[in-house]
Amino acid sequence: MRGLDDLQLTNIRLEVDQDGIAAVTLNRPAKRNALDLATIDELVDIFATLPRAGIRAAILRANGDHFSAGLDLVEHHQKERSAADFMHVCLRWHEAFNKMEYGGVPIIAVLKGAVVGGGLELASAAHIRVAGPDTYFGLPEGQRGLFTGGGATIRVADLIGKARMIDMMLSGRLYRGQEAVDVGLCQYLVEDAEAKAWEIARAAAQNPPLSNFAICSAISHMQNMSALDAAYAEAVVAGVVNTQEAARERLASFAKGTAAKVKPTG
């Protein structure tokens with residue numbers, strides 16, 4: 001089994017701090033962090049490895065002024081791919097983003113500048129999205145004669161609804177600011193997105209890993225099931241998670257009155 005030190009990374013930087021939080025940094029700033037196939041391959045490798053490496057949470061961030069401008073259109077143009085070739089490229093994107101969404105490690109995305117096309121598909125595979133004031137979201141595929149191929153019809157449509165996604169693709173509409181939060185493209189809009197993302201990651205890292213695994217995997221799986229099957233699966237997952245030793249210890253603290261109270265701060 002490969003470990004983090006075995007990963008061969010060129011387009012992405014990976015760092016892990018003393019708390020077991022991984023910083024995954026897109027590192028093609030000159031290309032506005034466009035996603036070529038090599039970058040997608042690195043995402044597959046990283047997010048296949050993080051859950052087995054004991055990582056407690058992950059920050060997905062980017063160097064430069066933009067999170068990601070999406071598919072590397074220059075590479076796509078130069079490759080002159082056939083329909084079958086590009087279908088396999090899309091399946092590789094799906095593999096990467098599925099490993100993110102279903103891998104069980106909380107992923108918090110730090111968004112800035114352009115989050116468009118495939119960049120929005122990447123962001124939508126994270127569990128929490130934190131946007132800075134300069135962030136804008138778009139799906140410009142229609143204007144470029146393209147169609148989404150990295151899961152937007154699944155994840156972005158789930159976040160904002162089919163009608164809004166169609167509007168973005170047909171008209172080139174961009175979302176930013178509070179409107180982006182209101183429609184569901186991000187959960188937070190703050191001045192310092194990086195600091196907020198780390199705050200969330202450190203809070204999530206304090207949860208028992210099995211609880212985080214269920215939250216960051218089971219919920220997405222249950223959304224793909226019928227209501228009847230999801231209810232059964234939820235009961236099974238709850239049976240496992242809610243009887244773990246870490247839960248027993250925390251419940252004992254609650255019973256003794258020593259656990260932190262759930263109440264608003266500030």
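For this structure, a couple of remarks:
- Of the criteria (1) over 18 Å from the mean Cα position of the chain (by Cα); (2) over 29 Å from Asp65 (Cα atoms); (3) among the polar types (S, T, N, Q), which one Ser217 fails: (1)
- Among the criteria (1) more than 19 Å from the chain's Cα centre (by Cα); (2) surrounded by fewer than 18 Cβ atoms within 10 Å (Cβ to Cβ), the one Val237 does not fulfil is (2).
A quick yes/no check of all residues on (1) among the polar types (S, T, N, Q); (2) at pLDDT 95 or above; (3) open to solvent by less than 90 Å² (accessible area, probe 1.4 Å); (4) more than 17 Å from Thr135 (Cβ to Cβ):
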position	(1), (2), (3), (4)
Gly161	no, yes, yes, yes
Met168	no, yes, yes, no
His221	no, yes, yes, yes
Ala247	no, no, yes, yes
Leu251	no, no, no, yes
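- Residue satisfying all of: in the stretch 9-34; touching a strand residue (DSSP E or B) at 6+ places or on another chain (Cβ under 6 Å), free of Cβ contacts under 8 Å to residues at least 40 places away in the same chain and of a type in the set (S, T, N, Q); least open to solvent (accessible area, probe 1.4 Å) among these: Thr25
- Residues of the stretch 133-167 that turn out to be more than 19 Å from the chain's Cα centre (by Cα) and within 14 Å of Glu121 (Cα to Cα), as a count: 3
- Considering residues of the stretch 101-155 that are of a type in the set (D, E, K, R) and not in a helix (DSSP H, G or I) only, the residue most open to solvent (accessible area, probe 1.4 Å): Asp134
- The single condition among (1) touching a helix residue (DSSP H, G or I) at 6+ places or on another chain (Cβ under 7 Å); (2) at pLDDT below 95 that Met100 does not meet is (2).
- Checking each residue in the stretch 35-94 for being farther than 28 Å from Gly3 by Cα, open to solvent by less than 40 Å² (accessible area, probe 1.4 Å) and part of a helix (DSSP H, G or I) picks out only Glu75.
- Given (1) on the phi < 0 side of the Ramachandran plot; (2) modelled with pLDDT of 95 or more; (3) not small (Gly, Ala, Ser), index of the condition Leu73 fails: (2)
- Unmet requirement for Leu185, which otherwise passes all of (1) assigned to a helix (DSSP H, G or I); (2) surrounded by 15 or more Cβ atoms within 10 Å (Cβ to Cβ): (1)
The values are calculated or read from the model by the stated rules, or taken from the named source; none is laboratory data. Not measured: the values here are computed from a predicted model. All Cβ positions, even for glycine, are placed from backbone atoms using ideal geometry, and neighbour counts span all protein chains on display. Ligands, DNA and RNA are excluded from the accessible area calculation, which covers all protein heavy atoms including side chains. Shrake-Rupley method; radii C 1.70, N 1.55, O 1.52, S 1.80 Å.
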